[in-house]
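Worksheet for the structure shown next.
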Amino acid sequence: MTPAAPGAAPVPVDLVVRRVTVLAPTVRPPVGYPDLDPGDPGRPAPAVFVADQAIGVAGGVIAWIVPDADLGPADLAGARVVDAPGRVAIPGLVNAHSHSSMTFFRGSAEDVPTASWFNDHIWPMEVNLTDRDVLLGARLAVAEMLLAGVTTVADHYFSTEQIATAVDEGGMRAVLARTFFSSQGAEGLDRSASFAAEWDGAAGGRITTMLGPHAVYTVDDADLARTAEAARAIGVRTHIHASETMHQTESSLARRGATPIQVLHDTGVLDAGALIAHGTGIVESDLQWLAPVADRVGVACCAKVYQKHTHGPTPIRLLHDAGVPVGIGTDGCASGNTLDVLESTRTMALVQKAHTGDATWMTSAHALDLMTRQGAAVIGREHDLGSLAPGFAADVVLIDPWKPHLQPMNDLAAALVLSVRASDVETVIVAGRVVVEHGRLVHVDLGPLMTEMNERLPGLTDRSHGRTVQTYAP
């Protein structure tokens, strides 16, 4: 295989990544996940890696992936060359659910029950946020995620214009949803819809949008129905917290005779397309609502948070068997402490095995797929994100496998799920642009940013005013 047929002009490229081992893409079958191993039809096929490859990038898109030995001088003419012998190339990771600017509240509400976490700590502190705080918090989040190989984040928060600015500055991708509650009146949804319409496709296409109703228990049915209508009119999906815990599902059934997922169905949110955050309270009866719209609905699993707050796991096996895609999220730093998708994936994989009591479930290949291809699917971008293949966006992460905790290399997929660390990320490319090189952000000095954030911290964490954003009472 060569970039061009013999005698033909090579496809001109801007960037060439050389001598890497590439994670080959998988293809989602019509029902269920993923490609099945012919020798064991009940189990997913192992991850496939191809050594000594070269990736050619043109205009922010992968133009070709070929054996490095096939390259000639003409193929490299005018291109920036990233020579990375022995490095492992994987698609840029997708953080399927986060609240990026909550970096300010990392470690501020520890060892408390969920209701107290919201009502006594986080929502009283979020009252203090200014646009400047949101911008600074988002800048730090973008830096943290890029350094950990996260190239796309689905973010749900306030002052999203500030988050968009930080994403654009950092060269990252984001799917941004402006949070609103019904307690804000019609203005809340209107502002979320206006942001979604105005910013969708910004930053050269690196920023896309969703609508951001906070949750089924903080946004009433009328506003959810209006959200679905607005989403269809704008052409975006909805990002919402739903069935976050089994308690929420049981409470909803007791109060209204319907699960939160059925409420999303009844109000039209699922049909219009939705990213469901958490979903640990999804039950088998919810599949009647989710399975028919699996092409436009996905669930974000933030496993580390559930362990910390004593919630049950997202029922990934149930969703998997129904063909519903699941991505890996971190949630915000106030609950998950880090924005490290690699860490969250490792937690998810181990929890899934323990919860099901099946050591053969949630293989490393499956886990890799959740944090890449399925992560792209839950945000509606499986056609151009989450895989390394010609025609896909050139979002590439290079990992250095020559670390003591990764060697000797018996199983590369297992190493990338169960042993890898964020510090093993060496190079990050977003839309064909190198944003992390040699494990460092390109042209970004984090010192002044972190200094200013710490100076502003006392005012942000003050709860003496007695005000709150909302009340948690699902």
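The values are calculated or read from the model by the stated rules, or taken from the named source; none is laboratory data. What you see is a predicted model, and the numbers here were worked out from it, not measured in a lab. When we count neighbours, we look across all protein chains shown, and the Cβ atoms used for this are built from the backbone with ideal geometry, even at glycine. Note: accessible area is taken over every heavy atom of the protein model, side chains too, but ligands, DNA and RNA are not part of it. Shrake-Rupley method; radii C 1.70, N 1.55, O 1.52, S 1.80 Å.
Inside region 84-130, can you point out the residues that are aliphatic (A, V, I, L, M) and part of a strand (DSSP E or B)?
As a first pass, look at region 84-130 and keep what is aliphatic (A, V, I, L, M): 84, 88-90, 93-94, 96, 102, 109, 112, 115, 122, 125, 127, 129.
Residues satisfying the conditions are VAL88, ALA89, ILE90, LEU93, VAL94, ALA96.
Pick out the one residue from THR208, THR245 that is among the hydroxyl-bearing types (Ser, Thr, Tyr), within 25 Å of the chain's Cα centre (by Cα) and under 27 Å from ALA394 (Cα atoms). First the steps, then the outcome.
On the way: THR245 fails: under 27 Å from ALA394 (Cα atoms).
After applying the criteria, what remains is THR208.
Inspect region 213-236 for any residue being in contact with a Gly (Cβ under 8 Å, 6 or more places away or on another chain), open to solvent by less than 10 Å² (accessible area, probe 1.4 Å) and polar (S, T, N, Q) and give the result as yes or no.
Scanning region 213-236 turns up no residue that is in contact with a Gly (Cβ under 8 Å, 6 or more places away or on another chain), open to solvent by less than 10 Å² (accessible area, probe 1.4 Å) and polar (S, T, N, Q).
Can you find a residue in region 441-449 that is farther than 27 Å from ALA58 by Cα, part of a helix (DSSP H, G or I), open to solvent by less than 50 Å² (accessible area, probe 1.4 Å) and in contact with a Leu (Cβ under 7 Å, 6 or more places away or on another chain)?
Narrowing region 441-449 to residues farther than 27 Å from ALA58 by Cα: 445-449.
From what's left, part of a helix (DSSP H, G or I): 446-449.
Checking which are open to solvent by less than 50 Å² (accessible area, probe 1.4 Å) leaves us with 446-447, 449.
Next, from what is left, pick out any that are in contact with a Leu (Cβ under 7 Å, 6 or more places away or on another chain): 449.
The answer is yes, given that some residue of region 441-449 is farther than 27 Å from ALA58 by Cα, part of a helix (DSSP H, G or I), open to solvent by less than 50 Å² (accessible area, probe 1.4 Å) and in contact with a Leu (Cβ under 7 Å, 6 or more places away or on another chain).
If you go through region 144-172, how many residues are open to solvent by less than 10 Å² (accessible area, probe 1.4 Å) and either farther than 23 Å from ARG373 by Cβ or assigned to a helix (DSSP H, G or I) (or both)? It would help to see each step written out before you state the result.
First, pick out the residues of region 144-172 that are open to solvent by less than 10 Å² (accessible area, probe 1.4 Å): 145-146, 148-157, 160, 163-164, 166-167, 171-172.
After this cut, where a residue has to be either farther than 23 Å from ARG373 by Cβ or assigned to a helix (DSSP H, G or I) (or both) as well, the list is 145-146, 157, 160, 163-164, 166-167.
Qualifying residue count, region 144-172: 8.
So which residues in region 294-325 are aliphatic (A, V, I, L, M) and open to solvent by 20 Å² or more (accessible area, probe 1.4 Å), if there are any at all? Please lay out each step first, then the result.
First pass over region 294-325, keeping only residues aliphatic (A, V, I, L, M): 294, 297, 299-300, 303, 305, 316, 318-319, 322, 324.
If the condition is that a residue be aliphatic (A, V, I, L, M) and open to solvent by 20 Å² or more (accessible area, probe 1.4 Å), then LEU318, ALA322 are the ones that fit.
Just to be sure before I move on: is ARG467 surrounded by 12 or more Cβ atoms within 10 Å (Cβ to Cβ) and on the phi < 0 side of the Ramachandran plot in the structure I sent?
Numbers: surrounded by 12 or more Cβ atoms within 10 Å (Cβ to Cβ): no; on the phi < 0 side of the Ramachandran plot: yes.
It is false that ARG467 is surrounded by 12 or more Cβ atoms within 10 Å (Cβ to Cβ) and on the phi < 0 side of the Ramachandran plot.
What is the residue count in region 402-424 for residues that are assigned to a loop (DSSP other than H, G, I, E, B) and open to solvent by 10 Å² or more (accessible area, probe 1.4 Å)? So that I can check it myself, show each step before the final result.
At the first step, the residues of region 402-424 found to be assigned to a loop (DSSP other than H, G, I, E, B) are 402-403, 407-411, 420-421.
Add one more test, that the residue is open to solvent by 10 Å² or more (accessible area, probe 1.4 Å), and what stays is 402-403, 407-411, 421.
Of the residues in region 402-424, 8 are assigned to a loop (DSSP other than H, G, I, E, B) and open to solvent by 10 Å² or more (accessible area, probe 1.4 Å).
Conditions tested, residue by residue: (1) among the acidic types (Asp, Glu); (2) at pLDDT 95 or above.
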| residue | (1), (2) |
| --- | --- |
| PRO113 | no, no |
| THR130 | no, yes |
| TYR157 | no, yes |
| ASP168 | yes, yes |
| ARG173 | no, yes |
| GLY204 | no, yes |
| THR209 | no, yes |
| ALA222 | no, yes |
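Name, by its number, the condition in (1) out of contact with any strand residue (DSSP E or B) (no Cβ under 6 Å at 6 or more places or on another chain); (2) assigned to a loop (DSSP other than H, G, I, E, B) that does not hold for SER387.
For SER387, the failing item is (1).
Results for (1) free of Cβ contacts under 8 Å to residues at least 40 places away in the same chain; (2) open to solvent by less than 20 Å² (accessible area, probe 1.4 Å); (3) out of contact with any Asp or Glu (no Cβ under 6 Å at 6 or more places or on another chain), shown as yes or no for each residue.
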residue	(1), (2), (3)
ALA84	no, yes, yes
VAL88	no, yes, yes
ALA96	no, yes, yes
SER100	no, yes, no
PHE105	no, yes, yes
VAL112	yes, no, yes
SER116	yes, no, yes
HIS121	no, no, yes
PRO124	no, yes, yes
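So, in region 345-385, how many residues would count as being among the small types (Gly, Ala, Ser), within 11 Å of the chain's Cα centre (by Cα) and under 19 Å from ALA422 (Cβ atoms)? Steps first, please.
Just the residues of region 345-385 that are among the small types (Gly, Ala, Ser), to begin with: 349, 354, 357, 359, 364-365, 367, 375-377, 380.
Next, from what is left, pick out any that are within 11 Å of the chain's Cα centre (by Cα): 375-377.
Cutting the leftovers down to under 19 Å from ALA422 (Cβ atoms) gives us 375.
Selection size over region 345-385: 1.
Looking at region 425-434, which of its residues are open to solvent by 10 Å² or more (accessible area, probe 1.4 Å), over 18 Å from SER387 (Cβ atoms) and aliphatic (A, V, I, L, M)?
VAL434
Of all helices (runs of 4 or more DSSP H) completely enclosed by region 173-291, which ones contain at least 3 residues that are aliphatic (A, V, I, L, M), in contact with a helix residue (DSSP H, G or I) (Cβ under 6 Å, 6 or more places away or on another chain) and farther than 20 Å from ALA115 by Cβ? Steps first, please.
Numbers: elements: 186-199, 221-234, 246-256, 260-266, 269-272, 287-290.
Those helices (runs of 4 or more DSSP H) span 186-199, 221-234, 269-272.
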